[in-house]
Amino acid sequence: MAIKISEMTLADLPLVGDEEIEVAVPGDPYLTRKVAIADILDMFSGMDNPMTALGDLIAGAADGAPARLPVGSNGQVLSVVAGAPAWSAPPAAAINVQSVASAASVTPTFSNDAVEVTAQAAALTINNPTGTAINRHGLVLYIRDNGTTRALTWDSQWRAASGVTLPTATTPNKWHFIVASFCNADTAWDVHSVGVQA
């Protein structure tokens, strides 16, 4: 009588590994085939565990065999190097900065972390930011004129926190730092602090 592989246990196998056993062909109970005992034993043998220490991982070697990947160092992240898994330092955080030399107006976006105006040569309007709103998204504005004081106008969503005043003009050749975050409930940019280069 043929034995179904799905129902087979080690007790069904003869002791001699080079013999054959008749098994049922999956999907057709009337067909059988002979399979080498050695091949079936391989099915029950499982995978050799290459791990030897706490934190080890199993990764496929070049031939697909299981290989040990030792745990990385503190702070490292698992990445892919030359097509293989490897531990490496995390990538540096990318800062999205919108930078212009001078413009009549500047429009931040929600993808910006900072906006810098490096040599403003005329009056400047800071427009309401555009893009998909992100509650409590932070933004820093860096504004410097080209050596002549310039007027600053703020659009409707900019509002100063208690004790803070939105600047209305630049100090010649000085960087101005404006730190704000978005309040989704009020559709407003709360300016927390304003500073001027010493």
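Bear in mind that the values in this text are calculations on the coordinates, not laboratory data. Not measured: the values here are computed from a predicted model. Here Cβ is always computed from backbone atoms with ideal geometry, including for glycine, and neighbour counts include all displayed protein chains.
What the table shows:
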{"quantity": "A169 long-range amide H proximity, modeled H, under 5 Å", "calculated": "L152"}
{"quantity": "Region 74-198 - charge dipole about Cα centre, Lys and Arg +1 at Cβ, Asp and Glu -1, debye rounded to 20", "calculated": "140 debye"}
{"quantity": "Built amide H within the under 5 Å cut-off of T125, gap 5+", "calculated": "S105, V106, T153"}
